[in-house]
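Notes follow once the structure below has been shown.
The values are calculated or read from the model by the stated rules, or taken from the named source; none is laboratory data. The structure presented is a predicted model; accordingly, all values stated were derived computationally and were not measured. Note that each Cβ is placed from the backbone with ideal geometry, even for glycine, and that neighbours are counted across all protein chains shown. Quick note on the areas: whole protein, heavy atoms, side chains included, nothing else; ligands and nucleic acids left out. Shrake-Rupley method; radii C 1.70, N 1.55, O 1.52, S 1.80 Å.
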Amino acid sequence: MAEAVEVRKVAQESGEFEPKIVAFLCKWCSSAGSDLAGVSRLQYPSNAVPITVPCSGSVSPIYILSAFNKGADGVLVSGCHPGDCHYLKGNFFARRRIYLVQKLLQFIGVEPNRFRMSWVSAAEGTKYAQVIADFVKDLKPLGPHGKLGAKR
Ligand code: FES
């Protein structure tokens with residue numbers, strides 16, 4: 001962790017853009033997966049701020065828009081694999097809702113690559129680390145997002 005913070009500090013001092021990611025993580029799977037990545041001491045970018053939610057199905061589109069409006073450069077929603085939701089169909093509802101959110105973000109001018117959904121189980125710390133690393137890599141060329149409605 002200290003090494004990741006140090007790497008980030010060095011990147012910031014060198015002027016390299018470091019995207020801020022808000023990650024809504026289902027507490028049963030993806031949040032536990034992120035914990036596993038941490039306790040396994042996996043090295044991955046420290047750009048994501050995790051927000052634990054009861055289920056990916058509980059992530060309202062308002063949360064996503066609010067994150068972008070408050071300056072997030074990217075937003076991730078991550079939940080249990082399809083069929084493994086602890087509330088049976090929450091992630092199916094999330095998947096349908098996310099499709100509409102992507103259309104809405106596109107309509108209001110947010111690049112599609114700034115938003116992503118993933119399925120990460122509690123046993124997939126390595127996958128969580130990879131999801132964050134890939135997201136950071138894809139966000140860097142886009143540059144800072146700024147706030148919704150702000151001049152670019
Ligand atoms: Fe994890 Fe529903 S409980 S996605």
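Considering segment 21-44, the residues that are near the ligand (Cβ under 9 Å from one of its atoms) and assigned to a loop (DSSP other than H, G, I, E, B) include one that is surrounded by the fewest Cβ atoms within 10 Å (Cβ to Cβ), namely 27. Residue count for segment 87-119, restricted to those that are closer than 30 Å to residue 40 by Cβ and either surrounded by 15 or more Cβ atoms within 10 Å (Cβ to Cβ) or within 16 Å of the ligand (Cβ to nearest atom) (or both): 14.
Within segment 45-72, if we keep just the residues that are assigned to a helix (DSSP H, G or I), more than 16 Å from the ligand (Cβ to nearest atom) and among the hydrophobic types (A, V, I, L, M, F, W, C), the residue that is nearest to residue 125 (Cα to Cα) turns out to be 67.
Would segment 120-130 turn up any residue that is at pLDDT below 95, under 18 Å from residue 21 (Cα atoms), charged (D, E, K, R) and open to solvent by 40 Å² or more (accessible area, probe 1.4 Å)? Within segment 120-130 (the criterion being at pLDDT below 95, under 18 Å from residue 21 (Cα atoms), charged (D, E, K, R) and open to solvent by 40 Å² or more (accessible area, probe 1.4 Å)), the answer is no, since none of the residues qualifies. Can you pull out the residues in segment 73-86 that are within 10 Å of the ligand (Cβ to nearest atom), surrounded by 16 or more Cβ atoms within 10 Å (Cβ to Cβ) and not in a strand (DSSP E or B)? Once the filter is applied, which keeps residues that are within 10 Å of the ligand (Cβ to nearest atom), surrounded by 16 or more Cβ atoms within 10 Å (Cβ to Cβ) and not in a strand (DSSP E or B), segment 73-86 yields 80, 85. Cβ separations smaller than 6 Å between residues 6+ apart or across chains give the following pairs from segment 116-135 residues that are part of a strand (DSSP E or B) to residues that are aliphatic (A, V, I, L, M): 116/76; 117/77; 117/98; 118/131.
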